[in-house]
Amino acid sequence: MKDFHLSESSKTHFSKLLQKLFDTPPVVTNETDDLFTILKNTAHFFRILGKKNILVLKGILDREKSSFEEIIKTFYELTSYPDVLEKEYGIVFKDEGLYDYASFFQSTMGGRLYLFRRDSTSRMVISFYAVMIIDKANSEGYNRHGIDLRPAIDSLIEEMENTGKNLHYKEEYLDKLYDLKEKYF
């Protein structure tokens, strides 16, 4: 972390970045109503986090590529304990904020473009957790964007089965996706 010359501890720095993201969600509904909104969404992370933070995050992701799945899984599990996130990291969020980002990745041009610029492993992992978050929103009655998960589930199953050989948790992902397929089809 010293290579990145952060002005504060990494825990504090990245907690603030996450809070910034939760405080400034992307546009999900009516994204295609005007070109400006599409462009804003396409550059969402750059606009909110800034160039320096994007470069730091890319550097970390490149170095920690083998840990990416574990990091995302741990973060997803932590979101089930908002009190811990607030107490330990100073991050305050509601499930709806996480849902907005999941919806962004699943149903907007900006979110989809973001995923297609990532490597296949990152894209599949982010898409998987986006599906899980939207499923939770369905179960708890706050899928206010009305996202239909069926196409995403089918697409992700196919992609993981055909190109997911590098996924550490491939079988776990597929088991959950097949359970969701039964639930929604």
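Quick note: the coordinates plus some simple rules give every number you see, no bench work behind them. Everything numeric in this text was worked out from a predicted model, so none of it was measured. Neighbour counts are summed over all protein chains in view; Cβ atoms, including those assigned to glycine, are modelled from backbone coordinates with ideal geometry.
A few remarks follow.
- Environment charge of LEU21, counting only residues whose C-beta is closer than 15 Å and scoring Lys/Arg +1, Asp/Glu -1: +1
- Net dipole in debye of the chain [+1 Lys, Arg Cβ; -1 Asp, Glu Cβ; about Cα centre; nearest 20]: 800
- Cα-based reach from LYS136 at 18 Å (exclusive), listing lysines while leaving out same-chain residues under 8 positions away: LYS73, LYS94, LYS176, LYS181, LYS183
- When the square roots of the Cα gyration tensor eigenvalues are ordered a ≥ b ≥ c, the ratio a/c for the stretch 2-64 is 1.5 or more and a/b exceeds b/c, which makes its shape prolate.
- Shown here are the Rg and Dmax of the Cα trace of the chain, at 16.5, 50 Å.
- Segment PHE4..ASP34, full-extension length gain: 7.1 nm, with 0.36 nm per residue of separation and the alpha-carbon distance subtracted.
- Shape call, the stretch 41-139: gyration tensor on alpha carbons, a/c limit 1.5: rounded
- Prolate/oblate/rounded label for the stretch 59-105 (Cα gyration tensor, a/c 1.5): oblate
- Cut-off 12 Å between beta-carbons: net charge of the residues surrounding TYR99, Lys and Arg +1, Asp and Glu -1: -2
- LYS51 paired with HIS13, simple spin-label distance in nm, labels 7 Å along Cα-to-beta-carbon: 1.8
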